[in-house]
Every structure is written in C-alpha cells, then in structure tokens.
Amino acid sequence: MRKFVLLVFALNICLGVSAQFTPGDTLKYRISLKDKAATEYSLQKPEKYLSGKSIERRKRQGLAIDSTDLPVCKKYVDAIRKKGVHVLVTGKWDNFVTVSCNDSTLIDEIAKLPFVRSTERVWKGITQRSFERDSLINKPLRSDSLYGPAVAQIRMSRANLLHNAGFKGQGMTIAVIDAGFHNVDRIEAMKNINILGVRDFVNPEADIYAESSHGMSVLSCMAMNQPNVMIGTAPEASYWLLRSEDEYSENLVEQDYWAAAIEFADSVGVDLVNTSLGYYSFDDPAKNYRYRDLNGHYALMSREAARAADKGIVVVCSAGNSGAGSWKKITPPGDAENVITVGAVNKRGELAPFSSVGNTSDGRVKPDVVAVGLGSDVMGTDGNLRHANGTSFSSPIMCGMVACLWQACPKLTAKEVIELVRRSGDRADFPDNIYGYGIPDLWKACLTVNGKVISD
C-alpha cells in the first residue's frame, strides 16, 4: 500500500495536480506550449510517470509510449510560475498549462516566452464550494429481484447473462469523471463499492463528497452491489472518482480540468472512463460551440477523449440532453473519435425525447448506441433509490456493461471493444443519427468473440 501511495504522489507531481490553488484568483488562462524539448523524462523510462498497470495496458494492446506521454516540461512550468501566476493543472497530451491570477498583464508577459504557442482566457469569476450535506434516510426498499428495480437496465443489452457467466467487472478499473459524489462515503448501500481513490481537479480544497450529487447517481448505475436493493452493471469493478465539473459556472476551464483528470486516469492504469458531461454553451457566449465544431478535434475534451483510445482506454460518454431543444446535437466530448457515445431510451427501448442526436459535422455516426436513460434507477443523496432522466445515466449503465464484456474478452484492444459494441447493436446494418447502432446485445457480442454457439 505504501508503494502505491508513493506512486500516486509521484504521478500527482508529474501531472500538476499538486500545484498551488488560490481561491481568491478571478482569472484563469490556458497556456499552450510549442514543445517538450526541455523535458527531464525519457521514453525509455516510462515508469517515472506511468504506473505499471498503465504501461502493461499499452503493451497488451501493442501501443507504443510516445512523446504525448511525457509530462509537460517542468522548466517551462517553473518559468510560467515565476511570472506571478498560480499553476492549476497541466495537460501533457495537448501540451498546455492552466494558470490563475488577478492580473491579465501577467499573461501578456507569459505570451512572450519563447516556448509559448498561445494563451486563452478560460474562466472569469469567483471560486465557490459546497459545505452542506443532504440528510440521510438510508432505508432503501428491498425487492424480490436480485438487481432490485435496476434489472431492466441490464437486461436490455443482455449483460445480465455476462454476470451469470461470472463477468461482473472484477479486475477492471473505471474512472468516473464528473461533478461531485455527494454522500457516497455515508450512504450505507454504497459502502461496499471498491473505490481506489478520489481527486478533485476543480478545487483541491473542496470536499468531493459534499459537492454535486450528479456523480454519485452516475456511479450508482455501475457500482451498486447490494442484492435485492440494487446491483449496477459492473458491481465488482474498481473505481476512481474524479471531479472536473464546476457546477457553479460553465466555462472552458472545466475542459482543462477534465483533460487533467483523464490523463491522471490513464497514468494510474484505468481500463475505462465514464464521463456524463458535455458542453456546447458557456457563460461567455463568444465561446459557444457551433455545429461545425463537432468534428472530434475542435474541443479540447474531444481531442483528449480520442487520445485516450490511442492509449488503450475505452471512453464512454453521454450524448447530451438537448434533443428537444434548439441545439439538438450531441455535445463534446461525444463527438470524439473512438469513443462510445450513448443516447437514451426508456425501458421499452423507445427514444427519450431529450436524447441528443448526431451525426458529427464530419459525417460519423453518433450516438454510437443507446441504453436506459428515461426512468433510470439510481441512488439518491438520502441513501434511497430514485428515478432519474438523462443520457448522464444511460452512459454509465452502458459503461459498466462494456467493462464486463471486456473482462470476458480480455484479448481485445480498446478500439476493438468499441467496434464490437457498435456491431452488436440492433440497428448495426443501418445506423442512424438518432439511435446510432441501436441497443447492443453484449451477450451475443461475447459469444461471437469467444467462438461459441449463440443461443438465447
């Protein structure tokens, strides 16, 4: 255990999450860098900045460690800090540093540094945090069903048969990148979830278990493991809980936090990431996305999500809840290449009116698949089950099932898993921009890979 703690501490330093946080700062900027020429790290010694599990995941899938894996140059970070700003996070895949300050002229000075490519303001405001907790009842209703009311959520894709075959996510690690995990540490029915650790990239001084309830409900869809109360879709998986969403505002900086979070997840060796977050409009309207921006590359989150697949991680994300509104379209990072973007249906397989639609602006099919997101069974902050609507919940329901499928088919690469899920959909022959490839049959997918006779 001590060795693991030391490893995580070292990774924190490499990834910039031990950087100085100053809640009084009112401005945040993303500093994009030209190169990593001054790095003190080497591709020949990846154990200095990646965990053994992360390295093994790459080896298993035949993926080379490359320059994007190298941490942001410390010399560059130090030079930026010396200008009088506070370093918040760094992003090695896209090679940037995010800083805070109260004086924009400091950014003008930073822009003149020879290794700086560009600067962009990504936040203006006042830091907020939550101190209050919701009260607990902790008396969830029991049912005759082993899965509780959530049985329909897993049966739709026949992933319950994966569970019956012994594949419940054991040995798989999932990172949940979200807005907060309210009362997860106090809800009795969630105390047997295997949580490896938590990280708050928004405000390291905040209590991640006092912030938003959104991540808690998302987590419950996968991780619950209380027979006759609720069993999620990956009850025996291990979880990292990572906060990147600042629910008090909507700014580009949240994508910087998200980038730092997914890079941390990669570094500690996760297999899958669920993110039930998406962005298209911001407090600064000048930053709002347009449909033409949904090309998988424009948004920082989309670039990072696609890069994660290149590192051997399966990213599962919500399509968005704008289907009935003026925007209608999926939201980044749902437009990223090689991710599973999940729309929402009810328990009868009928489209939820709010489920965002595709395709991407460059013509790729989105969403990829659909799962229950209308009337989803989730945990509430009081420790009792409730119903919730949103692709925020269809995404983790699918993510947990995909984890079990990958456990059953361990020789597959991340990209092969993604394609397998798509091809198992009931609309795979004629995918569209509403259901994508449809409702996947993950049991059929498993049997196909393992060369067994497919039978109901």
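Computed quantities for the displayed model
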quantity	calculated
Subset of region 235-249 (residues that are surrounded by fewer than 21 Cβ atoms within 10 Å (Cβ to Cβ), in contact with an Asp or Glu (Cβ under 9 Å, 6 or more places away or on another chain) and of a type outside the set (D, E))	S249
Conditions (1) surrounded by fewer than 22 Cβ atoms within 10 Å (Cβ to Cβ); (2) over 19 Å from the mean Cα position of the chain (by Cα); (3) of a type in the set (D, E, K, R); (4) closer than 22 Å to L277 by Cβ: number failed by E350	(4)
Region 321-355: number of residues that are touching a helix residue (DSSP H, G or I) at 6+ places or on another chain (Cβ under 7 Å) and closer than 12 Å to Y435 by Cα	4
Residue in region 137-160 that is assigned by TED's automatic domain parsing to the domain that holds Y209, without any contact (Cβ under 8 Å) to a residue 40 or more places away in the chain and of a type in the set (G, A, S) present	no
Total residues in region 352-375, condition touching a Ser or Thr at 6+ places or on another chain (Cβ under 7 Å) and of a type in the set (S, T, Y)	2
Set D293, D256, D271: member being under 24 Å from I126 (Cα atoms) and at pLDDT 95 or above	D256
3 or more residues in the same structural domain as F21 (by TED's automatic domain parsing), of a type in the set (D, E, K, R) and closer than 24 Å to D200 by Cα: qualifying helices (runs of 4 or more DSSP H) within region 50-127	74-81
Residue within region 220-236 that is in the same structural domain as N288 (by TED's automatic domain parsing) and closer than 30 Å to T68 by Cα present	no
Residue list for region 70-80, restricted to those being farther than 15 Å from R30 by Cβ and either modelled with pLDDT under 95 or over 26 Å from the mean Cα position of the chain (by Cα) (or both)	K74, K75, D78, A79
W123, sole failed condition from (1) over 30 Å from Q407 (Cα atoms); (2) without any contact (Cβ under 8 Å) to a residue 24 or more places away in the chain	(2)
Selection count where residues are small (G, A, S) and either over 18 Å from D178 (Cα atoms) or not assigned by TED's automatic domain parsing to the domain that holds G215 (or both), scope region 377-426	6
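For (1) surrounded by 14 or more Cβ atoms within 10 Å (Cβ to Cβ); (2) modelled with pLDDT under 95; (3) closer than 26 Å to V357 by Cβ; (4) in contact with a His (Cβ under 8 Å, 6 or more places away or on another chain), each residue gets a yes or a no:
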| position | (1), (2), (3), (4) |
| --- | --- |
| K411 | no, no, no, no |
| A414 | yes, no, yes, no |
| V421 | yes, no, yes, no |
| R427 | yes, no, yes, no |
| P431 | yes, no, yes, no |
| G436 | yes, no, yes, no |
| W443 | yes, no, no, no |
| V449 | yes, yes, no, no |
| I454 | no, yes, no, no |
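The values are calculated or read from the model by the stated rules, or taken from the named source; none is laboratory data. Remember, predicted model here, so these are calculated numbers, not experimental data. For neighbour counting, all protein chains shown are included, and Cβ atoms are generated from backbone atoms with ideal geometry for every residue, glycine included.
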